[in-house]
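Presented below is the structure to which this report refers.
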Amino acid sequence: MSLTPSSPSPDSVEDELELSAVRHRPEGLEQLEALTRFNRKELQILYRGFKNECPSGVVNEDTFKVIYSQFFPQGDASMYAHFLFNAFDTDKDGSVSFEDFVIGLSILLRGSVQEKLNWAFNLYDINKDGCITKEEMLDIMKAIYDMMGKCTYPLLKDDTPRQHVEIFFQKMDKNKDGVVTIEEFIDCCQNDENIMRSMQLFENVI
Amino acid sequence: MAAGVAAWLPFARAAAIGWMPVANCPMPVAPRDHRKRHDELIILNVSGRRFQTWRTTLDRYPDTLLGSSEKQFFYDEETKEYFFDRDPDSFRSILNFYRTGKLHYPRYECISAYDEELTFFGIIPEIIGDCCYEEYKDRKRENAERLQDDQDDNKDCKLPNMTYRETMWRAFENPHTSTMALVFYYVTGFFIAISVLTNVIETVPCGATPSQKDMPCGERYTIAFFCMDTACVLIFTVEYLMRLFAAPSRYQFMRSVMSIIDVVAIFPYYIGLVMTDNEDVSGAFVTLRVFRVFRIFKFSRHSQGLRILGYTLKSCASELGFLLFSLTMAIIIFATVMFYAEKGSSSTKFTSIPASFWYTIVTMTTLG
């Protein structure tokens with residue numbers, strides 16, 4: 001990964017300035033082809049779109065939120081975008097480079113069901129400790145409901161997220177220990193028809 | 001949706017995995033994209049200069065010429081490119097609009113040429129980015145004003161079947177339209193000059209006989225000067241009435257500056273006619289004669305330079321007003337200071353603040 005700051009700034013307070021001065025160039029096409037399941041052409045199209053929106057080569061969280069909100073104008077997608085950002089940012093450096101982006105996409109669109117469920121678990125597990133607690137689930141649920149906005153049917157009450165979390169935990173938490181581990185999650189999803197069917201839909205997105 | 005963000009659609013769809021396991025019902029199927037997924041380069045030949053771009057770039061704005069099927073009309077089968085016989089320099093901005101989603105207005109570009117290009121390619125100018133919008137609006141306004149001025153100048157063309165009244169009005173406004181108008185123009189100019197000269201010479205002392213002390217010519221040759229004055233005022237009155245008759249909008253004519261000057265020029269004479277031999281108001285009458293000097297402003301109709309001076313003053317009226325205001329403020333401040341500074345001394349000329357005004361004004365304007 002070549003990170004070449006064009007103007008090294010000694011002052012660490014000017015984080016934003018530093019980020020915009022950083023130019024990130026991704027690995028060559030061959031390496032990316034090996035890392036992901038996209039072919040050359042698809043990578044080219046993805047990179048062009050990525051670079052168009054983020055000319056500096058990396059996405060920071062604000063840009064991420066802005067882009068994602070444009071797809072969901074009716075609600076407030078910023079919390080969900082925040083969780084998504086953390087899920088994409090695998091090396092936890094505060095920015096999503098093209099490699100992170102395309103590796104994430106590869107898992108989501110071309111990965112096996114196991115990998116996808118793994119990724120979804122990673123998204124829900126906010127503090128990345130290997131298990132989902134009710135509070136984490138509640139945060140995610142609230143973020144999703146915020147994103148959907150007010151135009152839902154039937155109309156949401158304030159404690160609908162909490163009820164939804166209860167239903168989810170009843171379904172997923174087999175040993176009733178208050179947390180959902182990755183094995184419980186994957187197990188339960190694989191046994192659920194609806195979820196399996198929805199997973200198939202991601203095949204032809206690109 | 002912004003142009004480039006459409007490329008992030010697969011990402012947005014993929015992110016839906018987040019709420020799938022928690023959804024109560026199965027997800028709906030994503031709509032199939034029937035367009036060709038693989039992109040192709042389009043060649044746009046604009047007067048010989050070849051621009052190339054992706055088809056999807058142009059497809060971002062389907063209600064413009066390049067984004068819709070309208071461009072098929074310009075397709076050349078043999079060279080497999082789209083040929084446009086337009087200005088390649090302007091086309092640069094237009095193509096950049098598709099690429100970046102922002103329309104810029106380059107400064108070197110002529111505003112009407114640019115507008116024409118935009119209209120041809122079906123792009124509305126309102127989407128010009130904030131960076132260039134001010135410039136665009138300013139240039140457009142200037143252009144509109146210039147066109148307006150041109151139209152006004154072009155009103156000289158001969159219009160058929162004008163009524164007698166309209167002909168007269170045109171003759172008054174523009175003396176070069178007919179010989180009669182020219183004659184009228186010069187006659188009125190001559191009489192304005194005579195009138196002003198008379199007013200001036202009236203006051204010159206010309207005592208010829210040694211027995212009488214020097215008295216101004218006006219009192220010596222009263223009858224002659226009175227006849228002169230009457231003749232001039234008669235001419236001016238006739239001119240004013242004729243203009244009033246010919247004016248297309250009489251109300252607007254009476255409100256215009258020139259007509260007010262006309263009225264002010266001839267009024268003192270009539271007032272003088274009405275109240276001669278009345279000792280009480282003769283003093284006021286004398287003051288009224290001062291207004292006769294306004295006849296000199298009637299020359300504005302004859303001199304374009306004077307009119308331009310008038311317009312200049314009018315257009316920078318706000319600046320002049322501010323100058324006057326700030327001067328007044330300074331005068332009041334310093335007059336007050338002077339008054340209170342000299343208050344203790346008994347033999348002072350600054351007996352009140354208004355009394356100090358004169359000193360302040362004279363000092364500030366460096367007259368001394």
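Assorted remarks:
- Of the residues making up the range A:59-68, those that are open to solvent by less than 60 Å² (accessible area, probe 1.4 Å), part of a helix (DSSP H, G or I) and of a type in the set (A, V, I, L, M) number 1.
- Every condition in (1) modelled with pLDDT under 85; (2) open to solvent by less than 50 Å² (accessible area, probe 1.4 Å) holds for B:Tyr240 except the one numbered (1).
- B:Tyr186 meets the conditions (1) within 30 Å of B:Thr230 (Cβ to Cβ); (2) not in a helix (DSSP H, G or I) in every case but one. The failed one is (2).
- Total residues in the range A:69-97 satisfying the condition of being without any contact (Cβ under 8 Å) to a residue 12 or more places away in the chain, under 21 Å from A:Arg25 (Cα atoms) and surrounded by fewer than 18 Cβ atoms within 10 Å (Cβ to Cβ): the figure is 3.
- In the range B:42-70, the qualifying residues are those that are touching a helix residue (DSSP H, G or I) at 6+ places or on another chain (Cβ under 8 Å) and of a type in the set (D, E, K, R), and the one that is nearest to B:Ile128 (Cα to Cα) is B:Arg60.
- Screening the range B:253-368 for helices (runs of 4 or more DSSP H) wholly inside it with 2 or more residues that are of a type in the set (Lys, Arg) and surrounded by 10 or more Cβ atoms within 10 Å (Cβ to Cβ) returns the ranges B:304-315.
- Checking each residue of the range B:204-224 against the condition of being of a type in the set (A, V, I, L, M) and assigned to a helix (DSSP H, G or I) gives at least one match.
- Looking across the range B:118-137, the residues that are free of Cβ contacts under 8 Å to residues at least 40 places away in the same chain, open to solvent by 60 Å² or more (accessible area, probe 1.4 Å) and assigned to a helix (DSSP H, G or I) come down to B:Thr119, B:Glu126, B:Ile127, B:Asp130, B:Cys131, B:Tyr133, B:Glu134, B:Lys137.
- Test: residue in the range A:148-164 that is modelled with pLDDT of 80 or more, open to solvent by less than 20 Å² (accessible area, probe 1.4 Å) and within 11 Å of chain B (Cβ to nearest Cβ): no
- Whichever residue in the range B:98-114 is charged (D, E, K, R) and open to solvent by 30 Å² or more (accessible area, probe 1.4 Å) and, among such residues, is nearest to the chain's Cα centre (by Cα): B:Arg107
- The condition of being in a loop (DSSP other than H, G, I, E, B) and either at pLDDT below 85 or more than 13 Å from the chain's Cα centre (by Cα) (or both) holds for A:Phe38.
- Hey, A:Ser112 surrounded by fewer than 21 Cβ atoms within 10 Å (Cβ to Cβ) and either more than 30 Å from A:Lys176 (Cβ to Cβ) or away from chain B (no Cβ under 12 Å) (or both) or not: yes
- Test: residue in the range B:72-95 that is in contact with a Ser or Thr (Cβ under 9 Å, 6 or more places away or on another chain), under 13 Å from B:Leu58 (Cβ atoms) and open to solvent by 50 Å² or more (accessible area, probe 1.4 Å): no
- The single condition from (1) crowded, with 19+ Cβ neighbours inside 10 Å; (2) away from chain B (no Cβ under 12 Å) that A:Val102 fails is (2).
- Enumeration of residues in the range A:178-194 that are within 12 Å of A:Ala120 (Cα to Cα) and either within 8 Å of chain B (Cβ to nearest Cβ) or not aliphatic (A, V, I, L, M) (or both): A:Phe185, A:Cys189
- The number of residues in the range A:44-58 that are crowded, with 20+ Cβ neighbours inside 10 Å and either in contact with a Leu (Cβ under 6 Å, 6 or more places away or on another chain) or more than 10 Å from chain B (Cβ to nearest Cβ) (or both) comes to 1.
- In the condition set (1) surrounded by fewer than 19 Cβ atoms within 10 Å (Cβ to Cβ); (2) under 22 Å from B:Arg13 (Cβ atoms); (3) at pLDDT 85 or above, A:Asp187 is compliant with all but (2).
- Condition check for A:Asp76: in a loop (DSSP other than H, G, I, E, B) and out of contact with any Gly (no Cβ under 7 Å at 6 or more places or on another chain): yes
- Within the range B:172-187, being open to solvent by less than 50 Å² (accessible area, probe 1.4 Å), under 28 Å from the mean Cα position of the chain (by Cα) and without any contact (Cβ under 8 Å) to a residue 24 or more places away in the chain holds for B:Asn174, B:Pro175, B:Thr177.
The values are calculated or read from the model by the stated rules, or taken from the named source; none is laboratory data. Keep in mind the model is a prediction, meaning the values are calculated, not measured. FYI the Cβ positions are ideal-geometry reconstructions off the backbone, even for glycines, and counts take in every protein chain you see. The area values use the complete protein model at the heavy-atom level, side chains included, leaving out ligands, DNA and RNA. Shrake-Rupley method; radii C 1.70, N 1.55, O 1.52, S 1.80 Å.
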